[in-house]
Amino acid sequence: MKILANREANLLLLAMASILLLMMAFGQFTAIFISGDYKQNMVAHDHRLAGYLLEKGIEPSQIAKAFTVEKTGSQAQAGRALLQAAGYTSAAQTHLFPEVQAFQQKYTLVFFVFSLSFSFIILAVLLLFLLRQNQIIEKANEDIRAFMDGNTRIRLDDKSEGSLAQFFSMVNGMATSLTTHIDNEKHRRQFLKDTISDISHQLKTPLAALKMYNEIIQNEQAGNEVVDEFASKSERELTRMEVLIQNLLKLARLDAGTIKLEKENHQIKEFLEDTIKGFHTRAELENKEIRLVCSKNITMNFDEEWLLEAVSNIIKNALDHTKAKDKIEIHCAETSILTTITITDNGTGIHSEDIHHIFKRFYRSRFSKERQGIGIGLTLSKAIIEKHGGSITVESKPGKGTAFRLTFPKLTNL
């Protein structure tokens, strides 16, 4: 049996067995003591009875025979009938028999003390066992809490025997495995951080050189329409490449966990107004309207630079999928537990087949007519919003428009 492998359980069973043996021994001793006491009471009663008969003039030899000679059944019946006529029966109340009453009271107290003592001993043994088990569990609880707080070197005490120690040993094995994974993840993130830094520096120089060469070609004004057209296309593609590289680096830093948000309290309306300003020129050129509906009293704790990136990507996505004279509306609201920013447009909308995939990296819809997107802006926005403890959802109908809802629980603003 597995329970017998538990040292603490074995000690408890041994203690209980010892107590039971002691109770049996005490019971035997009590039975012998009661027999002797009962015999003494019987002899004392017979002495008083013999003395009474002697005073009444009955011959001593007859009195002695009454107590020493074996009685017949007829004598017992005659005696019973005589005493019953006098009211002396086994049905009479105990208080009418002083010797019996004294005997009962004495041994009632003895058995009460006996039961109380052994009950106390059993409860004390069980309490000590439970206290010991509780101490072990509390210590394990403290060690696990310390492990969760970052002390990955701590382990549970599994040096003893028993099922609890075996369980602690399994927990220690799991903790060791988890620590190994944590260390590997730290090394992976550090490697990714270093790689990102290297890529950033390596790509900036050739990209800047390409942009400079393209600007030189454009400034030459060769008068060749083909050259001018391709120079213009090169500029657009270089700009797209620069944006793509920057977004990839930002997303990689978020994935690596190397970003530490610098959160401060900001007015949402003022923040959104500043964000919209960056799109005024494009909106005017494309004959589109960006409208803000937000109370100036709504504040939130966030990293302005990173949330600006997230909201800007969503507004840019709305501009990419609307046509001239379409509208983009930005609403903000708050409740006792949530702050929400909703960005809606009345553009082309998203096909139902694509709605669950738009936050995937480089996802390209087969229904989209736009082929110049880079498929990472919404992914980056989602990562930034989740980094702030929020969430993003989308609702859309093809031909009717799209609504992105950014939700931030106020607990994340602390």
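Out of the residues in the range 322-365 that are part of a strand (DSSP E or B) and of a type in the set (S, T, N, Q), which is nearest to the chain's Cα centre (by Cα)? Even if it seems obvious, please write down each step before you answer.
Step one: filter the range 322-365 for residues part of a strand (DSSP E or B), giving 327-334, 338-345.
From the residues that got through so far, the ones that are of a type in the set (S, T, N, Q) too are 339-340, 342, 344.
Details: Thr339: 26, Thr340: 28, Thr342: 33, Thr344: 38 Å.
Of everything passing the filter in the range 322-365, Thr339 is nearest to the chain's Cα centre (by Cα).
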When you scan the range 236-321 for helices (runs of 4 or more DSSP H) that lie fully inside it, which ones turn up with 2 or more residues that are crowded, with 16+ Cβ neighbours inside 10 Å and more than 34 Å from the chain's Cα centre (by Cα)?
268-277, 304-320
Please state which of the following conditions Glu286 fails to meet, knowing it meets all the rest: (1) within 22 Å of Asp345 (Cβ to Cβ); (2) of a type outside the set (Phe, Trp, Tyr); (3) free of Cβ contacts under 8 Å to residues at least 24 places away in the same chain.
(3)
Of the conditions (1) in a helix (DSSP H, G or I); (2) under 18 Å from Ala175 (Cα atoms), Ile154 fails just one. Which one is it?
(1)
Out of all the residues in the range 377-401, which are basic (Lys, Arg) and under 29 Å from the mean Cα position of the chain (by Cα)?
Lys382, Lys387
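A quick yes/no check of all residues on (1) within 30 Å of Gly36 (Cβ to Cβ); (2) surrounded by 11 or more Cβ atoms within 10 Å (Cβ to Cβ):
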{"residue": "Pro98", "(1), (2)": "yes, no"}
{"residue": "Gln101", "(1), (2)": "yes, yes"}
{"residue": "Leu116", "(1), (2)": "yes, no"}
{"residue": "Ser119", "(1), (2)": "yes, no"}
{"residue": "Ile136", "(1), (2)": "no, yes"}
{"residue": "Glu142", "(1), (2)": "no, yes"}
{"residue": "Thr152", "(1), (2)": "no, yes"}
{"residue": "Arg155", "(1), (2)": "no, yes"}
{"residue": "Ala165", "(1), (2)": "no, yes"}
Can you find a residue in the range 95-111 that is closer than 30 Å to Gly27 by Cα and outside any helix (DSSP H, G or I)?
yes
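Could you say whether any residue in the range 7-25 is over 24 Å from Ile121 (Cα atoms), surrounded by 12 or more Cβ atoms within 10 Å (Cβ to Cβ) and not hydrophobic (A, V, I, L, M, F, W, C)?
First pass over the range 7-25, keeping only residues over 24 Å from Ile121 (Cα atoms): none.
No, every residue in the range 7-25 fails to be over 24 Å from Ile121 (Cα atoms), surrounded by 12 or more Cβ atoms within 10 Å (Cβ to Cβ) and not hydrophobic (A, V, I, L, M, F, W, C).
Just the residues that are surrounded by 11 or more Cβ atoms within 10 Å (Cβ to Cβ) and not aliphatic (A, V, I, L, M), please, taken from the range 52-61.
Within the range 52-61, just Tyr52 meets the criteria.
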Of all residues in the range 1-15, which are modelled with pLDDT of 80 or more and touching a helix residue (DSSP H, G or I) at 6+ places or on another chain (Cβ under 7 Å)?
Ala15
Among (1) closer than 14 Å to Ile343 by Cα; (2) without any contact (Cβ under 8 Å) to a residue 60 or more places away in the chain; (3) touching a helix residue (DSSP H, G or I) at 6+ places or on another chain (Cβ under 9 Å); (4) hydrophobic (A, V, I, L, M, F, W, C), Val311 falls short only on (2)
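The values are calculated or read from the model by the stated rules, or taken from the named source; none is laboratory data. Computed from a predicted model, the values in this text were never measured in an experiment. Positions of Cβ are generated from backbone atoms using ideal geometry, with glycine treated the same way; all protein chains shown enter the neighbour counts.
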